[in-house]
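Structure, as structure tokens:
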């Protein structure tokens, strides 16, 4: 099976920096805020190219739009200030409809700690160290070999360590270990299950190195 790779946080930062440098895209769009209606937009002539606004309640466009007057702007769409030919040898600023391409609902976020207060459908790429859940073994078989079973015991400091017992010891609580969150795995939050559900296997992915990213721009 071919090795699958992903961009970790360092790689993503490196890739963005190189894109900004190579294609001069950094700052191309500047989100200026949200307005209630088209009429609440600032005067486009006074805006800078790249200024972008989200319009909460849509309506019919005006002559200040690239699309012309009388077109439909849907609720929640984005408009950006662009410079166009005025037909007389000069240029003029106009609003251009971007649509919902910058909608951030159900966006993929990433980081080393799972988001607090997640909502149903939130998608997250976990980039931290693998975390585990330890569950007590209830009524272990007296003939079981804890080492062979891969069980753990308390380390006395709030953590766990692999047991060295080859026979069940009276009074000892043994634990099984299961992966909770694995680096490189995408999780989607389920409000009905009140938990993050894994969408990919971390064992199938390795990080793309910064050297490999640099090579793309060599």
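The values are calculated or read from the model by the stated rules, or taken from the named source; none is laboratory data. From a predicted model like this one, the values you see are computed outputs, not experimental measurements. So basically every Cβ, Gly included, is an ideal-geometry build from the backbone, and we count neighbours across all protein chains shown.
What the table below lists for this structure:
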| read-out | value |
| --- | --- |
| In the stretch 119-148, the residues that are assigned to a loop (DSSP other than H, G, I, E, B) and either under 27 Å from residue 188 (Cα atoms) or touching a strand residue (DSSP E or B) at 6+ places or on another chain (Cβ under 9 Å) (or both) | 119, 120, 121, 122, 127, 128, 129, 130, 137 |
| Residue in the stretch 26-39 that is at pLDDT 85 or above and in a helix (DSSP H, G or I) present | yes |
| Leading residue by the ranking (nearest to the chain's Cα centre (by Cα)) among those in the stretch 150-175 that are assigned to a strand (DSSP E or B) and under 20 Å from residue 129 (Cβ atoms) | 160 |
| Test for residue 116: is it within 18 Å of residue 37 (Cα to Cα), surrounded by fewer than 12 Cβ atoms within 10 Å (Cβ to Cβ) and either at pLDDT 90 or above or assigned by TED's automatic domain parsing to the domain that holds residue 176 (or both) | no |
| Lone qualifier among 181, 205 - being modelled with pLDDT of 80 or more, surrounded by 16 or more Cβ atoms within 10 Å (Cβ to Cβ) and touching a strand residue (DSSP E or B) at 6+ places or on another chain (Cβ under 9 Å) | 181 |
| Flag for residue 154 being surrounded by 12 or more Cβ atoms within 10 Å (Cβ to Cβ), in the same structural domain as residue 197 (by TED's automatic domain parsing) and within 30 Å of residue 188 (Cβ to Cβ) | no |
| Top-ranked residue of the stretch 54-79 - restricted to ones that are surrounded by fewer than 17 Cβ atoms within 10 Å (Cβ to Cβ) and in a strand (DSSP E or B), ranked as farthest from the chain's Cα centre (by Cα) | 60 |
